[in-house]
1. Quick one: which residues, 5 or more positions from residue 287 or on another chain, have an amide H under 5 Å from its amide H? H modelled 1.01 Å from N in the peptide plane, none for Pro or chain starts.
2. Compare 121, 11, 269 in a GNM of the chain, Cα atoms joined below 10 Å, and give the one with the largest fluctuation.
3. Over segment 85-325, consider all pairs of different Cα atoms and compute the Kirkwood hydrodynamic radius from their mean reciprocal separation; express it in Å, one decimal.
4. Could you work out how far helix 274-283 tilts from the main Cα principal axis of the chain, as a 0 to 90 degree angle to the nearest 10?
5. Name the residue, out of 298, 139, 58, whose mean-square fluctuation peaks in a Gaussian network model built on the chain with Cα pairs under 10 Å.
6. What's the FRET efficiency of residue 28 with residue 75 using the Cβ-Cβ distance as r and R₀ = 22 Å, to the nearest 0.05?
7. Based on other C-beta atoms within 10 Å, arrange 210, 202 from fewest to most.
8. With each label point set 7 Å from Cα along the Cα-Cβ vector, what nm distance links residue 197 and residue 20?
Amino acid sequence: MAKKKKRGGMSLLALVLLVILTVLIGFLTTEYFYLKEKYAGAAVAYSREQIRDLDMDSTEYKLVKLFYTDEQLENIRDNTVSVDETAQNPAGTGNPEKDIEIIPVYGSTYEGYMMLVHNPSDISVAVNPYLGSGAAAPSLDEYVSMYHALGGINGGGFQDDGGHGNGSIPQGIVIHEGKLVYGNPNTYLGMVGITKDGKLFCANATGNECLEWGIQEAVTFGPVFINNYQVVFKEGTDNLGMLNPRTAIGQRSDGTFMLLVIDGRGPTSFGALYEDVIKIFQANDAVNAANLDGGNSSAMIYDGEYVNTPVSMYGSRNLPTVFLVKGDN
């Protein structure tokens, strides 16, 4: 009688083990990509906020180390970054001017950039050349081109009914080259400007007072954050506590100007509060600092490129005033 041949194929036990292994691999793969998206995904500000909330002894924190080095995690938790040559110039074109640096800044809800201009004489203010005509003001990149500047940020506010303002009507007062060029000189407003000797001026004052004090350039906005190292901003008055794109300016005791732009309303940066901006300036030893127009107007250009990501997909809005770096105006 012929012997029966054994059936080939996988045993039931092997099949069960294969199914279990397949399910386990699928689960681990799904969990890996979930954790990666949560802690190292496109929403950078959200990811960093989640990391800061983790207990360092937790299993999840140990898993986060799959995506970061120990140094990177330390920087995230401490709200600091290691600045290298690439970070100083996001455009990647090389920094031709040793007296200008660009450093990234970030917190739990925001990302931005600070331009350090070590020579105060490199800062100037440009004003809409069509002021008073009703014609649209230039955008930041147009100002930079017009005055052959190395870079710049947006400046004072403007009438913007329904978000359709064209920068032709500034908010409050504008002083340029030591003269009042727009506004009522007797109106008491928040003023941000530059003195004859290159010092940042930020205070509530009238146009006439600014002229008497020898202010050469001034735009209207605020609030003032820091005066003579002291925080003068009252907490709780930050646009009802809303996160927004921000632009601000400060100065150190050695004369270095600090031009700050923070992105907002995006997946990688929700925006910042005034209190966040104050902490950034305090960490950078600001003697004086004040807020400039933010929101859709926030923009920074350096070496022909936008450093930050403006809210508008078309770049800078039309602006009545801007602060320029190394311009010939």
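Since every read-out is calculated from the coordinates, none of them should be taken as a lab result. In this text the structure is predicted, and so the values were computed from the model without any measurement. Neighbour counts run over all protein chains shown; Cβ positions are idealised from the backbone, glycine included.
1. Those lying under 5 Å, H to H, from residue 287 are 251, 252, 253.
2. Answer for the Gaussian network model of the chain: 11.
3. Numbers: mean 1/r = 0.0571 Å⁻¹.
Kirkwood hydrodynamic radius for segment 85-325: 17.5 Å.
4. Helix 274-283 sits roughly 90 degrees off the main axis of the chain.
5. In the Gaussian network model the winner is 58.
6. E(calc), rounded to 0.05, equals 0.20.
7. Lowest count first: 210, 202.
8. Once both label points are built, they end up 8.1 nm from each other.
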